[in-house]
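Worksheet: the structure to be examined is printed underneath.
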Amino acid sequence: MHGDYLQQHRQRQFGSNPDMQTAQAVLLTGDARVRRVRAVLDSGNIALATISQFADKWVLVIDDMEGMRSQLRMSLTNSGFAKLHIVGSIREALERMAGNRYDVILCDYSLGEGTDGQQFLEYLRTNDLISRNTIFVMITAEQAYEKVVAASECAPDDYLLKPFTAGQFNARLEKLLERQQFFAAIDKAADAKDWTRVIAECDKALPAKNKYFIELCKTKAAALMHANRPREAANLYRDVLALRPIGWARLGLARALAMLGEKNEAQQLAREIVADSPQFMAAYDFLGGQLASSGDKEAALGVLQKAGEISPGTMNRIRELSTLAVSTGQPELAESVMRQTLQKHKYSPVRQVHDYAILSKALATQGKADEALSVVADARKDFRDEQSDAVLSATESIAHRAAGNDELAEAALARAMTGDIGTLPAGAVTAIADACFALGKEDEANKLLRHAIQNNPEDETIRNKVHNVLTAAGKEVTEADAMIEESTQEIIRINNDGVRKAEAGQFDEAVELLCEAADRLPNNLQIVGNAALVIALQLVRNGNDPKLLAQCLRYRDAIIVKAPDYPKLAQIDSQLRQLNK
Amino acid sequence: MNDLHAAVIHDVKNQLAELALRLGERGDAQQEMVIAMDAARRLSEMLLVIRQEAELLSVNPDSVDTADFLAILAAEYRELFPSLEFDIDTAQAPAFAFFDDALVRLALSNAVHNACRSARTGVRLAAREQDGMLVLEVADDGPGYPDDMLANMGDMPASASARGTGLGLYLARKIAELHRLEGRRGRIALSNDKGAVFRMFLP
């Protein structure tokens, strides 16, 4: 079930939506419209401009309290909103989101016992389930306000503090919709992860120095970081800091410094942020990550625990914390944190199969192999897809190994490795590598980790995961760093060799080299893109070859699915057009 | 004040808020809605004071557009006090202002509410820059602040009877003071000039 939501949603983003158009037509004809206008006129104080502005916006409301739901329905209808979906749970919300693209999502922070609004938002953002351009408003009571603000890594676009009046609500939404329109092109580029275009769009908008100037700086700096341009990002953060020492700009600068290799300065700055603004949770996460990658896992764990005392954890922090606890010899801590979390989020989509893997490993490490195995069995009930099976089989292998059943451990590991490694997400690959290490299969483990790095270039999270698996297996930090660097250089070398050969006219060799790499590393878009391009170039030169053309189109389509705005597509297509002439 | 007290205040506040919303929907109970809304707002203030005293309140300054900020504030009270004129003046506002939007909104809400209750015909909201500080101003054309309020300027109210407006001013002062920059800190100032004038100075 869990995986299905993701799947459906991804498809939706690129497809059209006939259902929605029908619904729209129904709502805009006949009585509904008359009624709505009358309701608006009765309330008297809402400008006509607002009616048309709100009427065509799709709104999703998530609130677990029936009373609040009906109040919001009435308020929104009176304000001129016509396309409303109102649900009481995250699960229903995800079902709705699979079939609709919403302009506005209003979510109550407290959604009953389990997952809260902030964790839900974190889930949506980390899985790219909503457009950057969707307005996400968190409705909170003041007590929860700081918890929400504190987790500002995944900040909603606005907060509405209860109680609020319709007038206040409408005025806010008007401003948010104005902002939505202003940022539309930028957000679209960000959704496509086309950071170069995000930067270009920001550069277009910045000179006006309008009210969005600071936010544009923030967006541009983040895009520069994504585009691997930390020096420019650092300068931009410094420009903002010259105006005002804002928290996000300080943390941004620390991140940029870390990327530039100035680790000590980055750590120092992160410590200052934590000291000055103890509520700024993202700084703890960054500092913890820095400490962990420099090998000081104890200190990293301490920082994350401190964060946990101030604000209830985001799921990502809980994962980091438990993983660190296992690798610093405190599996009891990992067990208790993860058990509580999984209990709290029972049935919630914010859980990941990896959460069960962490818990199971924490138990196995303590010698509680039976419990470790039963956690895996539990997880299998909810996570039935192939990728989860790989993760859980690897986890099972570790538990069997801990119980001394090497034969069962081998069998479980073999099952984990049955599929095509190239199509597995990096998290699953590192989990399998971890199990390989447990069984003493060091070569296989290293091979898997190299693959994870090369298949996900420039992905900091995956580098950290690989780093963690290596150090947990007893490697020195320097050794782990060197292995990651070597893997990165190797694939860059292959890419450059391929390009150079093509430039020198050695197309057959270039095609062979790059296609081998592309088939092995389907997620490395640079490799896949260059493979498609050299085939296209060769086809133009040597004339059509149906088999090669099919291979080229296969790579091209794979890129379109992953990144529809990938810059190299234009080059590939222009070659293919020449072919058609 | 312990956690249980806070939790009860919190619940009652939410019930009042729901009551206010329902009264608002009826359309014939505007005054009753204002009463319920005001009561809920005062409980919100009280909860914030509890957090402030436990030093749990922290500011998160970011860039804020003062014109939008004041427009949203005015929209809320225009609805609660439909007979009053609201005038917004941001002609002298700085190009970029930085403060904690949510907390300053809460602090000013109290001032706007007081202004609305005292005003004869209208309330003026203004933002401007003065000596390197951002000034947010709420002025009405009512009888002005009584002398004792001008004198104690947002001190913790001494008696329960004074708490109607005193607690809000106290909280506003604390929120202003939490805004600090390069040795300067925020403050509030009360004065009378053809009515009551509330000013919040932010560095």
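Criterion first (more than 22 Å from residue A:472 (Cα to Cα) and in contact with a helix residue (DSSP H, G or I) (Cβ under 6 Å, 6 or more places away or on another chain)) does residue A:331 satisfy it?
No: the conditions fail for residue A:331.
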May I ask you to verify whether residue A:190 is in a helix (DSSP H, G or I), at pLDDT 95 or above and either in contact with an Asp or Glu (Cβ under 6 Å, 6 or more places away or on another chain) or surrounded by 19 or more Cβ atoms within 10 Å (Cβ to Cβ) (or both)? no
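Anything in the stretch A:206-248 that is polar (S, T, N, Q), within 13 Å of chain B (Cβ to nearest Cβ) and surrounded by fewer than 20 Cβ atoms within 10 Å (Cβ to Cβ)? List them, or say none.
Selection gives A:210 alone.
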For the stretch B:21-32, does any single residue satisfy the condition of being in contact (Cβ under 8 Å) with a residue 24 or more places away in the chain, out of contact with any Cys (no Cβ under 8 Å at 6 or more places or on another chain), surrounded by fewer than 20 Cβ atoms within 10 Å (Cβ to Cβ) and of a type in the set (S, T, N, Q)? yes
Could you run through the stretch B:9-37 and say how many residues are at the interface with chain A (Cβ under 10 Å from one of its Cβ atoms) and either acidic (Asp, Glu) or outside any helix (DSSP H, G or I) (or both)? 4
For residue A:133, work out the one condition from (1) more than 10 Å from chain B (Cβ to nearest Cβ); (2) part of a helix (DSSP H, G or I); (3) modelled with pLDDT of 90 or more it doesn't fulfil. (2)
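Just need a number here: residues in the stretch A:327-336 that are within 17 Å of residue A:288 (Cβ to Cβ) and surrounded by 24 or more Cβ atoms within 10 Å (Cβ to Cβ). Steps first, answer last, please.
Quick first cut of the stretch A:327-336, residues within 17 Å of residue A:288 (Cβ to Cβ) only: A:327-328, A:330, A:333-334.
From what's left, surrounded by 24 or more Cβ atoms within 10 Å (Cβ to Cβ): A:334.
The number of residues fulfilling the criteria is 1.
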Any idea how many residues of the stretch B:75-107 are more than 8 Å from chain A (Cβ to nearest Cβ), more than 20 Å from residue B:171 (Cα to Cα) and either of a type in the set (D, E, K, R) or touching a Leu at 6+ places or on another chain (Cβ under 6 Å) (or both)? 5
Please list, ordered by first then second residue, the pairs with beta carbon atoms under 9 Å, 6 or more apart or interchain, first in the stretch B:44-70 and at the interface with chain A (Cβ under 8 Å from one of its Cβ atoms) and assigned to a helix (DSSP H, G or I), second of a type in the set (Val, Ile, Thr) and crowded, with 21+ Cβ neighbours inside 10 Å. B:48/B:175
Residue A:439 is checked against (1) touching a helix residue (DSSP H, G or I) at 6+ places or on another chain (Cβ under 8 Å); (2) surrounded by fewer than 17 Cβ atoms within 10 Å (Cβ to Cβ); (3) not hydroxyl-bearing (Ser, Thr, Tyr) and fails just one. What number does that condition carry? (2)
What residue, among those in the stretch A:53-92 that are in a helix (DSSP H, G or I) and charged (D, E, K, R), is farthest from the other protein chains (Cβ to nearest Cβ)? A:91
Residues A:255, A:271: which one is over 23 Å from residue B:96 (Cα atoms), touching a residue at least 24 places away in the same chain (Cβ under 8 Å) and of a type outside the set (Gly, Ala, Ser)? A:255
Residues of the stretch A:433-455 being part of a loop (DSSP other than H, G, I, E, B) and touching a Leu at 6+ places or on another chain (Cβ under 9 Å), in sequence order, are A:439, A:441
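Does residue A:273 satisfy being within 14 Å of chain B (Cβ to nearest Cβ) and surrounded by 21 or more Cβ atoms within 10 Å (Cβ to Cβ)?
yes
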Subset of the stretch A:452-466 (residues that are farther than 18 Å from residue A:223 by Cβ and crowded, with 20+ Cβ neighbours inside 10 Å): A:452, A:453, A:454, A:455, A:456, A:462, A:463, A:465, A:466
Please find, within the stretch B:116-137, the residue that is surrounded by the fewest Cβ atoms within 10 Å (Cβ to Cβ) out of those that are under 12 Å from the mean Cα position of the chain (by Cα) and closer than 21 Å to residue A:169 by Cα. B:116
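Looking for something within 11 Å of another protein chain (Cβ to nearest Cβ) and either more than 16 Å from residue B:137 (Cβ to Cβ) or not hydrophobic (A, V, I, L, M, F, W, C) (or both) - is there at least one such residue anywhere in the stretch B:112-119?
no
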Is one or more of the residues making up the stretch A:100-108 surrounded by fewer than 23 Cβ atoms within 10 Å (Cβ to Cβ) and either among the polar types (S, T, N, Q) or within 14 Å of chain B (Cβ to nearest Cβ) (or both)? yes
Give A:254, A:283 a once-over and let me know the one that is more than 14 Å from every other protein chain (Cβ to nearest Cβ) and crowded, with 17+ Cβ neighbours inside 10 Å. A:254
Cβ-Cβ below 7 Å, separation at least six or inter-chain, first residue in the stretch A:364-383 and in a helix (DSSP H, G or I), second of a type in the set (S, T, N, Q): which pairs? A:372/A:360; A:375/A:360; A:376/A:360; A:376/A:395
If a residue has to be outside any helix (DSSP H, G or I) and either closer than 30 Å to residue B:22 by Cα or within 14 Å of chain B (Cβ to nearest Cβ) (or both) to count, how many in the stretch A:159-187 make the cut? 7
Index of the failed condition, residue A:295 passing every other in (1) outside any helix (DSSP H, G or I); (2) within 21 Å of residue B:59 (Cβ to Cβ); (3) away from every other protein chain (no Cβ under 14 Å): (2)
For a quick check of your reading of the model, give me the residue pairs whose first member lies in the stretch A:416-432 and is outside any helix (DSSP H, G or I), whose second is surrounded by fewer than 24 Cβ atoms within 10 Å (Cβ to Cβ), with beta-carbon atoms closer than 7 Å and at least 6 apart or on different chains. A:419/A:386; A:424/A:387; A:425/A:387
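Could you tell me which of the residues A:402, A:433 is crowded, with 21+ Cβ neighbours inside 10 Å, closer than 21 Å to residue A:355 by Cβ, among the hydrophobic types (A, V, I, L, M, F, W, C) and modelled with pLDDT of 95 or more?
Just one listed residue meets the conditions, A:433.
The values are calculated or read from the model by the stated rules, or taken from the named source; none is laboratory data. Being a predicted model, the structure only gives us computed values, none of them experimental. Neighbour counts are summed over all protein chains in view; Cβ atoms, including those assigned to glycine, are modelled from backbone coordinates with ideal geometry.
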